[in-house]
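Enquirer: Structure provided below as structure tokens; questions to follow.
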Amino acid sequence: MAGRLLRGCGRAAAGWAPVRRGLPAAPGPCPRRGCGEAAGLRAMGFSEEQARRLLGLRPRLGPRHPEAAAAQLLLLGLSAEAAVGLLERSPALLELPAERLQGRAGELRRLGLDGGQLQRAVRRCPQLFTVPRKRMAAAVRLLRERCLFTAEQLKEVLGTCPAVLLEEPRRLHHHFQYVYFRMGVQQKEMVKARLFRMPFAELRNRHIFLERRGLYQTPYKGQTQTSNPKLKDILQLPEKDFLASLARSTPEEYEVFKKLLAQEEEEEEEEDEEDEDEEERDALYAEEDLDSEESKPARE
């Protein structure tokens with residue numbers, strides 16, 4: 001037995017090469033696309049799951065990378081989760097150069113939005129990064145020069161209603177003028193009530209409904225015969241509470257009123273169009289009469 005074992009060992013030494021264990025392979029490129037980018041996002045403070053969500057936006061981005069936009073949002077003070085959620089809602093931000101995001105953040109800070117106000121404004125209205133600069137500047141100029149909000153009031157308006165910077169100036173001015181002249185409300189109360197958060201159409205519906213029920217009067221020289229509801233209550237109360245506590249009406253009555261008001265507006269628009277057509281016809285006839293008079297031969 002011992003001899004067979006020795007002979008076997010001899011054969012192994014004579015003809016068989018020892019089996020060598022292979023060394024671990026040198027690390028090559030990551031087989032998964034975006035591996036390096038995921039590592040970069042995790043180094044910035046994003047979790048693995050958050051990095052995966054950001055990289056999942058890639059089909060909508062093409063070859064662009066999400067790190068630059070994500071980094072700028074973190075610099076604004078947003079948390080990693082808030083930044084991811086914002087980019088998921090507005091993936092167009094990922095297509096903007098980092099310099100554009102940084103520059104727009106600087107412009108918003110110069111308008112008075114900083115710290116928590118800037119963070120809340122961006123979360124509520126991410127289009128602030130993409131709106132044309134001229135549109136934003138026109139809205140600011142209107143609020144300061146024509147609506148006469150003070151610098152502090154403007155800061156409060158932008159902090160609570162940042163979407164005003166996206167509005168077409170003519171509509172924004174009409175919104176302000178209706179409340180100032182038709183409802184008799186001053187700028188200070190508008191700011192406290194967060195006027196521009198409610199769409200103008202809904203504001204007008206609520207005001208006229210109260211007016212026709214005898215519960216609101218347009219002030220004359222700052223005076224009214226009745227005590228008008230506060231603008232804050234008109235704007236901020238949910239519709240159910242507005243009807244119950246202010247209008248003292250039912251949802252059914254309010255729905256009927258809105259339909260009738262819409263019909264009135266359509267009829268008024270049609271009448272305005274007819275008046276414009278009639279004015280154009282009158283102007284045309286006047287021109288024809290003038291031409292005919294000029295074509296007559298002068299009397300000797």
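The values are calculated or read from the model by the stated rules, or taken from the named source; none is laboratory data. Values in this document were obtained by computation on a predicted structure and should not be read as measured data. All Cβ positions, even for glycine, are placed from backbone atoms using ideal geometry, and neighbour counts span all protein chains on display. All accessible areas refer to the heavy atoms of the entire protein, side chains included, with ligands and DNA or RNA removed. Shrake-Rupley method; radii C 1.70, N 1.55, O 1.52, S 1.80 Å.
Enquirer: For segment 108-168 and segment 217-244, write down the distance between their C-alpha centroids in whole Å.
Expert: That distance is 27 Å.
Enquirer: Now for a separate question. Mind ranking 245-254, 164-173, 261-270 by how tightly packed they are, going by the mean number of other C-beta atoms within 10 angstrom, highest first? Don't skip to the end; give the middle numbers.
Expert: Values: 245-254: 13.8, 164-173: 16.6, 261-270: 11.1.
So the order, starting with the most tightly packed, is 164-173, 245-254, 261-270.
Enquirer: Roughly speaking, to the nearest percent, how much of segment 123-211's 1.4 Å accessible area is carbon and sulfur?
Expert: 50
Enquirer: Another question, if that's okay. Quick one: net charge around Gln50, please, counting Lys, Arg +1 and Asp, Glu -1 for every other residue with C-beta under 12 Å from its C-beta.
Expert: -1
Enquirer: Now, a different point. Given 0.36 nm per residue, what is the gain on full extension from Arg135 to Ala163 after removing their alpha carbon distance, in nm? Write down the numbers at each step before the final one.
Expert: On the way: separation 28, 0.36 × 28 = 10.08 nm, distance 1.17 nm.
Length difference between fully extended and current span is 8.9 nm.
Enquirer: While we're on this one: Please give, to one decimal in nm, the separation of the simple spin-label points placed at Ser79 and Glu271, each 7 Å out from Cα toward the Cβ.
Expert: 5.6
Enquirer: Shifting gears a bit: In this model, which of Lys232/Lys259; Lys155/Lys188; Lys134/Lys155; Lys192/Lys230; Lys188/Lys240; Lys188/Lys230 are farther than 22 Å apart at the alpha-carbon?
Expert: Violating the 22 Å limit, Cα to Cα: Lys232/Lys259; Lys188/Lys240.
Enquirer: OK, next. Within segment 120-149, what residues put their amide N at less than 20 Å from the label point 7 Å along the Cα-to-Cβ vector of Leu57?
Expert: Residues passing the 20 Å test: 120-132.
Enquirer: Another one. Going from the alpha-carbon gyration tensor of segment 112-175, what semi-axes, largest first and in whole Å, does one get by taking the root of 5 times each eigenvalue?
Expert: 18, 14, 9
Enquirer: Cα convex hull of segment 143-237: mean projected area in nm², to one decimal?
Expert: 6.0
Enquirer: Further, regarding this structure: Compute the label zone of Ala151 within segment 102-121: residues whose backbone N is under 12 Å from the point 7 Å along Cα-to-Cβ.
Expert: Label zone hits: 110-112.
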